[in-house]
Structures are given as structure tokens and as C-alpha cells.
């Protein structure tokens with residue numbers, strides 16, 4: 001009797017509900033056991049993304065600058081560590097629906113990934129240059145690398161895109177969603193993005209899987225490059241692998257909160273899309289697309305105050 005009185009209330013509550021919780025696991029799934037497929041680790045991918053940013057920009061994402069004469073050694077150690085851990089996560093992803101599936105393609109995927117890193121750094125250099133040219137509030141490249149969320153989002157997306165193209169399952173999406181959670185910028189790893197790309201501010205930008213974006217493109221916050229609708233077959237199943245998202249050609253600027261939808265939609269080279277535009281069809285090169293100004297009432301606040309003083313109230 002006394003043992004019940006002295007029992008921790010929290011433990012008593014847990015004991016009461018644990019059988020129901022375990023039963024829900026059996027009924028609905030949603031757990032990861034080592035004896036089954038052993039899914040990729042979200043925590044591991046998060047750490048790998050942090051380390052990839054250090055590899056891309058040594059000293060910018062570290063606590064301190066790289067000591068003189070140690071860059072080569074640090075780079076070797078970092079790259080080997082990243083490859084070992086990322087390869088393990090890709091191996092798990094390859095086996096996600098079949099623990100017995102051979103994982104031989106993991107090694108060539110990783111070889112191509114490592115080979116692509118210098119080319120990704122070159123693209124990022126041009127992205128930084130585009131930001132410096134496109135944002136008068138910044139005076140130096142270091143500020144962009146240290147503080148601009150778009151650079152983190154596009155850096156991870158460009159690396160994830162390499163894995164996506166080479167057939168690595170799930171991991172590319174986990175990487176870009178890590179960046180999405182940190183920056184508010186959602187770029188699918190399947191999106192193809194050219195050089196000198198810049199997202200100003202960035203919050204709320206969405207770029208879909210089958211988007212093709214040219215060179216020297218600038219987006220502002222709240223831009224959506226999305227799908228017009230979800231295609232389904234006769235049985236009601238979603239049709240995957242189709243072109244669902246728009247193309248944006250070279251030297252296009254898209255201002256805040258504009259939405260452009262559809263796999264057949266192309267924004268022609270040199271065009272400017274104004275703020276709050278909604279488009280579901282193509283526009284030719286060098287177009288200026290703007291919304292007509294809504295009817296606005298601009299009132300004199302002082303005059304309105306005087307009216308209230310003589311008894312004209314509104315609800």
C-alpha cells in the first residue's frame with residue numbers, strides 16, 4: 001500500500017499509457033528499428049549539412065578562422081569524415097524498402113558527389129557575386145557568406161541536386177529540408193538552377209522539383225514556382241515524374257509574393273514579373289508583367305478624426 005502512495009505520479013501515468021502507445025506503433029507504424037530497413041538519420045544529415053557548409057566555406061562556418069598552413073590537412077579530414085558518414089546514410093536510403101537490396105551503387109554516387117564539390121563552389125562564387133550586384137544594402141562578399149540565408153539554401157540545394165541526379169533516394173530531400181527549416185527558403189533538390197542566382201530576403205520562396213531556372217535570375221521573398229495541379233491516372237493515383245513546374249529563362253527578375261504555376265509555363269528571357277502577380281501561362285521574352293492597381297481609398301486621418309468628434313462613428 002505504501003509503495004503505491006510513494007510512486008512517482010509521472011511514472012504511474014507512463015505505466016498506464018505505455019501499452020496503448022506500443023499498440024499504436026504496431027497499428028500505424030512510424031518507427032525505425034535496427035532489425036528492419038534502418039532508415040537514414042535526420043540528426044546525422046543535419047550534422048553533415050553543417051559540415052558541408054564548413055567544407056564549402058572554410059573558416060566562415062567555424063568558430064575560428066583556419067590556422068595558417070593547416071587548410072590542406074583540415075580539408076582532407078573533413079572530406080573523409082563527410083564521405084564516410086554520408087555514404088552510410090545513402091546506403092540506408094537505398095535499402096529503405098528492402099533491407100536485402102544490394103548497395104553497390106552507393107560508391108559511384110559518392111564518387112560523383114565528391115568530384116562535383118569544386119564545381120559547386122564555383123557556382124556559389126557566382127551566386128555571391130550576383131547578390132553583391134543585386135543588393136545595395138551589402139558592401140562586401142564576406143557579409144553575404146556570413147549572413148545571407150539564401151546562400152545557405154542554394155549551397156545545400158546545389159550539393160543535394162548532385163545526389164538527386166545520380167539517384168540517391170530521400171537524402172537530397174532531407175538536406176534541402178534542413179536548409180528550408182533554417183532559412184524559410186524551400187528549394188526542391190530536383191530543381192535545375194543556373195549560375196549567378198540570387199534570392200533577395202528569401203523568406204517564403206518555394207521552388208518545385210521540375211523547375212528549370214536559367215542564369216542571372218533574381219527572386220524576391222514570397223515567390224512560388226509551383227505546380228498548377230496534381231495529375232492523376234484513371235484509378236485516382238498521382239502520376240509522378242511529369243513536368244509540373246515552370247521554366248524561368250535567363251535574366252528574369254520576379255518581385256515579392258508572385259506565384260507562377262505549371263509545367264508548360266515559361267517566363268521568357270529578360271522578363272520582369274512584378275509583385276503579387278499570379279501566372280499560369282507563358283510570357284514572351286522581355287515582358288513586363290504587373291497587376292493593375294487595386295482601387296484604394298486614401299483618407300485624411302485628421303479630417304476623419306474631426307468627423308468622429310461630431311458624432312459620425314463607424315463600426
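Where a number appears in this text, it was derived from the coordinates with a stated rule and is not lab data. On a predicted model such as this, the values are computed, not experimentally measured, just so you know. Neighbour counts are summed over all protein chains in view; Cβ atoms, including those assigned to glycine, are modelled from backbone coordinates with ideal geometry.
Brief remarks on what is shown
- Residues 84, 121, arranged from fewest to most other Cβ atoms within 10 angstrom of their Cβ, appear as 84, 121.
- Taking other C-beta atoms within 10 angstrom as a stand-in for reagent exposure, 282, 147, 235 fall in the order 235, 147, 282, fewest first.
- Global geometry of the range 139-296, whether rounded, prolate or oblate, following the gyration tensor of its Cα atoms and the 1.5 cut on a/c: oblate
- Look at 220, 25 and count the other Cβ atoms within 10 Å of each Cβ; fewest to most, that gives 25, 220.
- Among 60, 28, 113: highest mean-square fluctuation, GNM of the chain, C-alpha pairs under 10 Å: 28
- Antiparallel bridge percentage (DSSP; both residues within the chain; nearest 5): 5 percent
- Gyration tensor (alpha-carbon) shape descriptor, the chain, a/c threshold 1.5: oblate
- GNM flexibility winner over the chain from 284, 149, 256 (Cα, springs under 10 Å): 284
- Calculated [θ] (222 nm, deg cm²/dmol) that DSSP helices of n ≥ 4 give over the chain, each run adding -39,500 (n - 2.57): -14500 deg cm²/dmol
- Length-normalised contact order for the range 18-184 - Cα pairs under 8 Å, 6+ apart - percent: 26 percent
- Percentage relative contact order, the range 191-292, counting C-alpha pairs under 8 Å, at least six apart: 22 percent
- Euclidean distance of C-alpha centroids, the range 23-86 and the range 177-206, integer Å: 20 Å
- The mean sequence separation of alpha-carbon pairs under 8 Å and at least six residues apart, normalised by the residue count of the chain, gives a relative contact order of 10 percent.
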